[in-house]
Amino acid sequence: MPPLLAVTDLRLAYRAEGRTIPAVDGVSFTIKGKGEALGVVGESGSGKSSLANALIRLLPKNSAEFSGSIRLDGQELTVLSDEQFRRQIRWRRIAMVFQGAMNVLNPVLRIGDQIAEPMLLDRAISKRAGRARAEELLERVGLGAAFAGRYPHELSGGQKQRAVIATALALSPDLLILDEPTSALDVSVQAQIMDLLKGLKADPGISMIFITHDIALASDICDTIAVAYAGEHVELGPAERVLPAPRHPYTALLLESLPRLRGETPPLPMPGSPPDPAALPHGCRFHPRCPLRFEACDDHPPAIPLADGGNARCWLNDPAVADGRQLVLPARDTAARA
Ligand SMILES: Nc1ncnc2c1ncn2[C@@H]1O[C@H](COP(=O)(O)OP(=O)(O)OP(=O)(O)O)[C@@H](O)[C@H]1O
Ligand code: SF4
Ligand SMILES: [Mg+2]
């Protein structure tokens, strides 16, 4: 059986002010089947939302290159026309909760009508059936049917995000892409939304791409973690291995910047800043910020396969090149700790 989603060498570049920005640059991953979640983590501007937009094919007008392969249940999606994609795939098979979506709910439309809208547009169902389905979805996301009659301003942030998730579930998608679904919420509401997503993952077995800058949050729900840096995925692997034993210095530094996983140890800030996306560093894109760089890093590292089926774009994973060097971050001055 083919995997639910197989993405190979996906590329999306933008043209802006005469410059080319490779926002998604040779990204590959697989989501095997029902109820599996991939977490995509990385700093701002690393290309997380661009990957999501490419998968659901909502590309801005200034997209300059869109190439690679996206297979859903073995079906190549990139050969579909925009109309075929809209009719067969978007919302029906792949749905998305957009970054900041809860802030752009239509203020003059009741929640139930907003949830029913895609069903009424796309399927010949009656208004009454649409309303009943909206109420069922509102129950499923823990709000209750009575919320169908409310306007967005009558909902808290967490309730709005539940309503947005209900909207994405309207046409029973197999894959749900969630772009920073909890970043605007406080910690306790964030935990409730995470519980809801875990529930949807278990039953009805929705597969997910969970996008966040918070690697700890991603590991809470995701089976696999992809670490995005400057358009590439610099590390890919099972969450249970990536967190305790990262194979890319950027991942290791992301983990060092977390308060939660280090017990009493205060977090350390990530060194340096992300590169100019239109003028990426030569060789390894992370080398200007990498405390472990060495001569080989002048060459751009490929995605080097790892024993767990994942990969990492760091020469330290190629024993012939690493020549005994280990991925151990140097101790940093505790005065630098946040
Ligand atoms: N329409 C566009 N035209 C030109 N450049 C764009 C466009 N959209 C995004 N970019 C650039 O592409 C790169 C990737 O942006 P993207 O929004 O995918 O990042 P992100 O990882 O989602 O960031 P964040 O965490 O802030 O949401 C950034 O350098 C961004 O400035
Ligand atoms: S390839 Fe070199 S510069 Fe890049 S992450 Fe690995 S050690 Fe650092
Ligand atoms: Mg984004």
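For a quick check: with amide H placed at 1.01 Å from N, whose amide H comes under 5 Å from residue 64's, ignoring anything fewer than 5 positions away on the same chain?
13, 14, 15
Please tell me the relative contact order of the chain in percent, rounded to the nearest whole number, where contacts are Cα pairs under 8 Å and at least six residues apart. Don't skip to the end; give the middle numbers.
On the way: 634 pairs, mean separation 63.8, N = 338.
Relative contact order comes out at 19 percent.
Ordered by residue, what ³J(HN,Hα) values in Hz, to whole numbers, does the stretch 33-41 give under the Karplus form 6.51 cos²θ - 1.76 cosθ + 1.60, where θ = phi - 60° and Gly and Pro are x?
Calculated HN-Hα couplings, in order: x, 4, x, 9, 10, 10, x, 10, 10 Hz.
State log₁₀ I(q)/I(0) for the stretch 26-149 at q = 0.13, 0.14, 0.17 Å⁻¹ as given by the Debye formula over alpha-carbon point scatterers of equal weight, solvent excluded.
For the stretch 26-149 at q = 0.13, 0.14, 0.17 Å⁻¹, log10 I(q)/I(0) is -0.71, -0.82, -1.12.
Could you grab the relative contact order for the stretch 166-226? Cα pairs under 8 Å, six or more apart, rounded to a whole percent. Please report the intermediate quantities before stating the final value.
Details: 44 pairs, mean separation 24.3, N = 61.
Computed over the stretch 166-226, the figure is 40 percent.
Taking the chain, how much of its Cα-Cα pair set, in percent, is spaced more than 25 angstrom apart? The partial results should precede the final answer.
Working: 30971 of 56953 pairs.
Of all Cα-Cα pairs in the chain, 54 percent lie more than 25 Å apart.
What's the carbon and sulfur percent of the stretch 247-336's accessible surface, probe 1.4 angstrom, rounded to a whole number?
Values: 2590 of 4800 Å².
Solvent-exposed carbon and sulfur of the stretch 247-336 make up 54 percent of the total.
Ignoring ligands, DNA and RNA, please state the percent of accessible area on the stretch 168-218 from carbon and sulfur, probe 1.4 Å.
Numbers: 800 of 1550 Å².
That share works out to 52 percent.
Rounded, prolate or oblate for the stretch 266-311? Axes are the square roots of the Cα gyration tensor eigenvalues, ordered a ≥ b ≥ c, and the cut-off for rounded is a/c under 1.5.
Numbers: a/c = 1.77, a/b = 1.18, b/c = 1.50.
Note, shape of the stretch 266-311 comes out oblate.
Which value at 222 nm does the chain reach when only helices count, each DSSP H run of 4 or more adding -39,500 (n - 2.57), with the total divided by all residues and rounded to the nearest 500 deg cm²/dmol?
Numbers: 10 runs with 92 residues, N = 338.
Taken over the chain, the calculation gives -7500 deg cm²/dmol.
Under 14 Å from the 7 Å Cα→Cβ point of residue 183, by amide nitrogen: which residues of the stretch 22-43?
Of the residues in the stretch 22-43, 40-43 have backbone N under 14 Å from the label point off residue 183.
Accessible area per residue, 1.4 Å probe, Å², for the chain: what's the number? Don't skip to the answer; put the middle values down first.
On the way: 15400 Å² over 338 residues.
Accessible surface, normalised per residue, equals 46 Å².
Quick one: if you stick a label point 7 Å off each Cα along the C-beta vector at residue 104 and residue 66, how many nm between them?
For residue 104 paired with residue 66, the spin-label model returns 1.6 nm.
Whenever you get a sec, compute what percent of the accessible area on the stretch 94-159 sits on carbon and sulfur atoms (1.4 Å probe). Show your work: numbers first, answer last.
Values: 1820 of 3570 Å².
Here carbon and sulfur together make up 51 percent of the probe-accessible area.
Hey, what's the per residue convex hull volume over the C-alpha atoms of the stretch 26-96, in cubic angstrom? Each step should come with its number before you reach the end.
Values: hull volume 8.1 nm³, N = 71.
Given the Cα convex hull of the stretch 26-96, per-residue volume reads 114 Å³.
Add +1 for every Lys or Arg and -1 for every Asp or Glu among the other residues with Cβ under 11 Å from the Cβ of residue 291, and state the total. List each step's numbers first, then the result.
Working: positive: 289, 293, 332; negative: 256.
Taking every other residue near residue 291 into account, the sum is +2.
What fraction of the DSSP beta bridges in the chain is antiparallel, stated in percent and rounded to the nearest 5?
Values: 30 of 49 bridges.
So the antiparallel bridges in the chain amount to around 60 percent.
Using amide H atoms built in the peptide plane, which far-off residues or other-chain residues are under 5 Å from residue 177 H to H?
Amide H to amide H, under 5 Å and 5 or more residues apart or across chains, residue 177 pairs with 95, 96, 97, 209.
For a quick check of understanding: with a 1.4 angstrom probe and all protein chains in place, what accessible area in square angstrom does residue 79 have, to the nearest ten?
Approximately 110 Å² for this residue.
Could you check which residue among 12, 197, 268 shows the biggest mean-square fluctuation in a GNM of the chain with a 10 Å Cα cutoff?
Taking springs between Cα atoms under 10 Å, the residue moving most is 268.
Could you give the alpha-carbon Rg of the stretch 247-336 over 2.2 N^0.38 Å, rounded to two decimals? It would help to have the intermediate numbers written out before the result.
Numbers: Rg = 14.1 Å, N = 90, 2.2 N^0.38 = 12.2 Å.
For the stretch 247-336, the normalised Cα radius of gyration is 1.16.
Taking 35 Å as R0, compute the FRET efficiency from the Cβ-Cβ separation of residue 322 and residue 202 and round it to 0.05.
On the way: r = 41 Å, r/R0 = 1.16.
FRET efficiency, residue 322 to residue 202: 0.30.
The values are calculated or read from the model by the stated rules, or taken from the named source; none is laboratory data. These figures come from a predicted structure and were not determined experimentally. Backbone-built Cβ (ideal geometry, glycine too); neighbour counts: all protein chains shown. Side chains are part of the model used for accessible areas, which takes the heavy atoms of the whole protein and leaves out ligands, DNA and RNA. Shrake-Rupley method; radii C 1.70, N 1.55, O 1.52, S 1.80 Å.
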